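Please treat every number below as a calculation from the coordinates, not as lab data. These numbers come from a predicted model, not from an experiment. Neighbour counts run over all protein chains shown; Cβ positions are idealised from the backbone, glycine included.
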Amino acid sequence: MDSPTSNRRILVLGVAFGLVLMSYIVRLWTLQVANWTPYTLQASANRTSVVYGPAPRGLILDCAGRVLVDNQYVWNVEVVPNQLPTREDQLEQISAILAGILKDVSASRLRDTLQKLRSAQIQTVPLPGAQNVPFEIVAHIEERGRDLPGIRITEQAKRNYPHGTLAAHLLGYARGITKERLESYQYLDYPDSALGDTLATSGLKGIRSLPLYGSDSVVGQTGVERLLELDTHTAPPVPILQGRRSRTVYEVDARNVPLRMIHDESSAPGATVYLTLDLQIQSIAEQALEEAIKGSTGKTGAVVCLDLQTGGIIAMASYPTFDPNGWVRGWSPEEFEVLNNDPRRPLFDKAIGGQYPPASTFKIVSAAAALETTSITDTVTHVCKGIIYEGAQHQPYRCWLPQGHGTVEFYRGIAQSCDVYFYELVRKNGLTSTAIGEYARQFGFGEKPSIDLAGTVAGLVPNREYKRNRTGEPWHTGDSLNMVIGQGWLLATPLQVAIATGALATGGEIIEPTVVRKIAWPSHMRREPTLFERKVVRHLDVKPETLQKVAQGLRHAVTFENGTARMFNALPFDVAAKTGSAQHIPGKTAHAWMTAYAPFEQPRFVVTVLVTEGGYGSTTAGPPAYKILQAAMAAQQRLTPTE
């Protein structure tokens with residue numbers, strides 16, 4: 001008969017055995033069920049090695065499908081280190097053959113290079129000094145392929161800007177990814193939905209998703225290249241111009257030496273993007289702007305041409321410009337020093353980032369504010385003798401016409417751009433700086449245009465607080481007199497002036513300008529084309545009759561005998577326009593402005609031109625605006641979307 005002690009021992013041993021067995025079961029469940037995915041990934045990583053290749057970027061086309069940016073394919077000589085022979089005599093033979101083909105490098109130097117590169121790694125390494133080689137070298141290396149183990153020719157897509165400097169600021173440029181940007185992008189993967197089931201059908205479920213970027217990636221740095229790098233409005237971001245990288249999976253041994261290739265995916269380009277830009281009008285705009293600057297005292301300049309029907313920018317230029325191909329091939333130290341030290345700042349986009357006093361183009365706002373907030377009518381007159389005096393010190397405030405305009409009513413005040421007429425709106429009719437500022441912001445001044453291009457700025461609409469913070473002094477009537485004619489601390493970009501002119505032309509619509517018409521996604525993305533439609537940010541809180549009267553004033557600037565924009569009368573369609581001459585630095589020639597729209601009855605296009613230190617808007621900024629409007633009106637059918 002068993003004793004109670006023996007029974008207890010058997011029970012304890014049974015419980016212990018059960019616990020041990022249970023721990024094994026739990027461990028097996030953890031390994032085979034709960035942590036199946038991470039261990040599968042680790043196992044796959046241990047038996048495979050993945051090699052990624054660069055992705056070609058998508059094309060950028062104009063509104064008619066003409067190429068603005070594409071890829072130029074070049075051949076490079078690369079080394080596959082683990083495929084190089086281990087015997088020194090064979091390595092010397094390869095070096096001698098390569099030296100005979102490349103011609104500009106010695107066999108001994110090549111041998112030293114190959115010895116340094118030789119390892120058990122799979123990743124290819126560029127052969128120093130053998131990039132972008134001519135077809136003759138490619139043919140010789142391919143012909144001697146059996147005698148050159150570990151040496152291969154690879155094709156690389158390099159960004160190409162076939163029109164050189166044309167639209168350089170808007171298009172921007174793309175170049176190799178920086179270390180900092182790679183660190184911020186390293187966790188981004190290519191969309192699973194665009195990869196298909198190739199890895200699954202290959203039995204490689206343990207391979208991680210395809211990284212979107214690598215150290216060999218080319219990314220957009222400025223302009224459209226940067227704007228359309230990724231669609232960041234989705235989570236996670238979706239690549240647009242950025243393409244799909246190639247991926248080759250090798251089975252390797254414990255030393256990471258490849259045994260066989262088990263999977264291969266080719267690269268694919270990114271989306272094809274159609275811009276609102278028109279290549280022909282852009283070319284005319286840039287040429288006309290350059291001629292205006294070189295034919296005057298002008299130093300720099302900018303142009304914006306906006307299609308009011310679509311909201312698209314069909315031309316936008318900044319002068320001087322640069323060739324974005326320089327970023328692809330690499331600037332020489334001398335080239336970059338000239339580019340970087342040019343006081344005219346050729347790399348700076350003055351159309352969206354340059355801030356200047358808008359001068360008399362701002363009278364669009366001042367006139368609207370006066371009609372809305374004071375008792376004036378379009379028949380109220382003021383006398384211009386060329387100068388007024390204000391304040392206890394009798395500070396002079398001059399009209400641009402020294403002898404004065406005489407008796408001036410509302411329409412003539414705008415048409416002849418009489419400064420004294422607008423001074424008197426403040427002094428005698430009670431137009432306040434608060435009202436001017438309020439309507440300026442309604443028209444889009446003092447706020448950043450919603451175009452999303454890097455470098456876009458908000459300009460400045462000053463007020464009493466701004467002056468006190470800047471100078472410690474109160475606001476005076478003289479500050480309002482400067483502000484009402486678009487001077488003083490008031491600052492605007494050419495794009496903002498174009499948007500404000502568009503608001504007048506459309507009867508009060510602040511349009512969201514865009515540079516993209518359509519994104520045509522590659523077939524593997526399985527997405528329908530993305531079309532960009534016209535968007536209105538807001539409507540002006542201004543009476544329709546007020547806008548009609550201001551618009552009529554701009555039309556009279558073209559039709560009146562002494563109107564400042566008389567040149568547009570020669571066009572076969574009706575134009576409304578406003579000139580401006582902006583004082584900035586004492587002793588310097590004024591900046592020349594012209595902003596215009598056409599046709600007057602059914603407005604379609606706005607053109608705004610700035611020539612810094614160009615003098616009068618009518619004589620310097622007017623001719624480019626004339627040529628651009630003429631070209632845009634002639635291209636209406638081409639510019640109208642058919643989708």
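Of the beta bridges in the chain, as assigned by DSSP with both residues counted there, near 95 percent are antiparallel.
Annotation for ASN429 and ASP541: the two label points, set 7 Å from Cα along the Cα-Cβ direction, are 2.2 nm apart.
Which shape class applies to the range 279-639: rounded if a/c is under 1.5, otherwise prolate when a/b exceeds b/c and oblate if not, where a ≥ b ≥ c are the square roots of the Cα gyration tensor eigenvalues?
Working: a/c = 1.65, a/b = 1.42, b/c = 1.16.
In terms of gyration-tensor shape, prolate.
Available extension along the chain between GLU335 and VAL125 is 72.7 nm, counting 0.36 nm per residue and deducting the alpha carbon span. Computed on the range 279-639, with alpha-carbon pairs under 8 angstrom and 6+ residues apart, the relative contact order is 23 percent.
Suppose every Lys and Arg Cβ carries +1 and every Asp and Glu Cβ carries -1, with no other charges. What dipole size does the chain come out with about its Cα centre, to the nearest 20 debye?
860 debye
Going from the residue with the fewest nearby Cβ atoms within 10 Å to the one with the most, GLU372, GLU225 rank GLU372, GLU225. Each of LEU453, LEU59 was scored by other Cβ atoms within 10 Å of its Cβ. Listed from fewest to most, they are LEU59, LEU453.
A straight Cα-to-Cα reach below 22 Å connects LYS179 with the lysines LYS158, residues fewer than 8 places away in its own chain not being considered.
Pairs from the table (LYS294/LYS578; LYS549/LYS627; LYS294/LYS428; LYS448/LYS549; LYS363/LYS588) lying more than 32 angstrom apart at Cα are LYS294/LYS428.
A full extension of the chain between ARG109 and THR86 corresponds to an added length of 6.5 nm, given 0.36 nm per residue minus the alpha carbon distance. For the pair GLN602 and TYR187, label points projected 7 Å from Cα toward Cβ lie 5.4 nm apart. If you take the charge dipole of the chain about its Cα centre, with +1 on Lys and Arg Cβ and -1 on Asp and Glu Cβ, which of PHE445, SER209, LEU114 is farthest toward its positive end? About the Cα centre, the residue reaching furthest to the positive side is SER209. As a length-normalised measure over Cα pairs under 8 Å and 6 or more apart, the relative contact order of the chain settles at 14 percent.
Ranking of MET567, MET22 by neighbouring Cβ atoms within 10 Å, starting from the fewest: MET22, MET567. Projected label points at ARG66 and ARG526, each 7 Å from Cα along the beta carbon direction, are separated by 3.8 nanometres.
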